[in-house]
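The values are calculated or read from the model by the stated rules, or taken from the named source; none is laboratory data. As the structure is a computational prediction, the values presented were derived from the model and not from experiment. As a convention, Cβ positions derive from the backbone with ideal geometry for all residues, glycine included, and neighbour counts pool all protein chains shown. Accessible surface is based on the protein model in full, side chains and every heavy atom, while ligands, DNA and RNA are left aside. Shrake-Rupley method; radii C 1.70, N 1.55, O 1.52, S 1.80 Å.
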Amino acid sequence: MSLKQRILILFDVDGTLTESRKTASIEMKSFLKDLKTKVTVATVGGSDFIKQQEQLGTDLFEFVDFAFSENGLVAYQNGTLFHQQSLKDFLGEEKIKRLINFLLHYLADLDIPIKRGTFIEFRSGMLNVSPIGRNCSQQERIDFEKYDNQHQIRAKMIEHLKQNFEDYNLHYSIGGQISIDIFPKGWDKTYCLKHVENFNFEQIHFFGDKTQPGGNDYEIFISPKVIGHTVSNPQDTINQLTQLLSTL
């Protein structure tokens with residue numbers, strides 16, 4: 001059995017393959033293209049597939065075999081969509097309406113230095129909620145992350161959601177620099193692993209930057225089905241993976 005059949009390398013996107021919400025470097029794309037000739041390569045991110053394409057390029061299947069967007073709730077293999085899960089079908093319109101109404105009131109009352117636009121993004125399998133708004137600039141994004149680290153804006157929001165929607169069986173995770181993801185329990189990044197079960201990989205290595213408790217890489221990082229690696233930026237990903245490949 002070849003190395004490609006035995007080993008799956010699974011990457012988070014934001015902060016792991018790219019700087020947050022920026023595009024992949026030429027060096028990273030070249031590295032992944034070479035990696036794909038040796039092992040099976042996959043990405044898993046919380047963003048929708050269009051945003052993954054914006055960051056990795058419309059040619060991403062030249063250097064990945066699988067692309068799992070929205071934690072794998074939307075799944076592609078070699079450019080072909082083969083799985084899609086729906087939050088709307090899972091919760092129903094009444095519960096979604098109550099949740100969104102609560103969020104709109106909470107965000108309206110939230111006092112932070114600046115607010116922009118697009119505070120709630122309804123995706124196929126999750127809600128993405130940003131206190132500052134996804135329309136903020138790159139510098140505003142960086143400034144908000146620093147402010148949030150100090151004042152725990154997103155962590156406090158999650159606690160309020162847990163208290164008010166205990167019966168919804170939802171999971172909340174801090175994703176990227178400016179937002180939280182809301183989705184049913186079990187729909188975290190471990191969800192994508194079911195798509196590769198039949199391939200019987202001997203090893204699945206996951207690389208991510210938000211691997212701490214509460215981060216959106218945490219559940220898959222600690223899963224017994226994978227070998228987890230914490231990275232600090234895209235260059236660190238290349239460095240750690242280069243070292244790993246020398247041992248395989």
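Remarks
- Counted residues, segment 4-38 - those being open to solvent by less than 50 Å² (accessible area, probe 1.4 Å) and either among the acidic types (D, E) or touching a residue at least 40 places away in the same chain (Cβ under 8 Å) (or both): 17
- No other residue among F49, F61 is touching a Gly at 6+ places or on another chain (Cβ under 6 Å) and hydrophobic (A, V, I, L, M, F, W, C) apart from F61.
- Test result for D217, at pLDDT 95 or above, among the acidic types (D, E) and crowded, with 17+ Cβ neighbours inside 10 Å: yes
- Tally, over segment 205-248, of residues that are closer than 19 Å to L73 by Cα and aliphatic (A, V, I, L, M): 2
- If you go through segment 16-63 and keep only what is of a type in the set (A, V, I, L, M) and more than 25 Å from D181 (Cβ to Cβ), you end up with I26, L35, V39.
- Each residue in segment 48-70 was checked for being within 11 Å of C192 (Cβ to Cβ) and at pLDDT 95 or above, and 4 pass.
- Of the residues Q150, Q84, the single one that is among the polar types (S, T, N, Q), within 30 Å of L8 (Cα to Cα) and without any contact (Cβ under 8 Å) to a residue 60 or more places away in the chain is Q84.
- In segment 194-234, the residues that are under 18 Å from Y172 (Cα atoms), of a type in the set (A, V, I, L, M, F, W, C) and touching a His at 6+ places or on another chain (Cβ under 9 Å): F221
- Filtered residues of segment 218-231 (kept if in contact (Cβ under 8 Å) with a residue 60 or more places away in the chain and over 21 Å from H83 (Cα atoms)): V226, V231
- If you go through segment 186-209 and keep only what is within 15 Å of the chain's Cα centre (by Cα) and either part of a loop (DSSP other than H, G, I, E, B) or acidic (D, E) (or both), you end up with G186, W187, D188, D209.
- The strands (runs of 3 or more DSSP E) located wholly in segment 51-162 that include 1 or more residues which are touching a helix residue (DSSP H, G or I) at 6+ places or on another chain (Cβ under 7 Å), open to solvent by less than 70 Å² (accessible area, probe 1.4 Å) and under 19 Å from K22 (Cα atoms) occupy 66-69.
- Filtered residue count, segment 210-248, keeping only those that are part of a helix (DSSP H, G or I) and either closer than 20 Å to S30 by Cα or touching a helix residue (DSSP H, G or I) at 6+ places or on another chain (Cβ under 7 Å) (or both): 14
- Subset of segment 1-59 that is small (G, A, S) and at positive phi - its residue that is nearest to the chain's Cα centre (by Cα): G15
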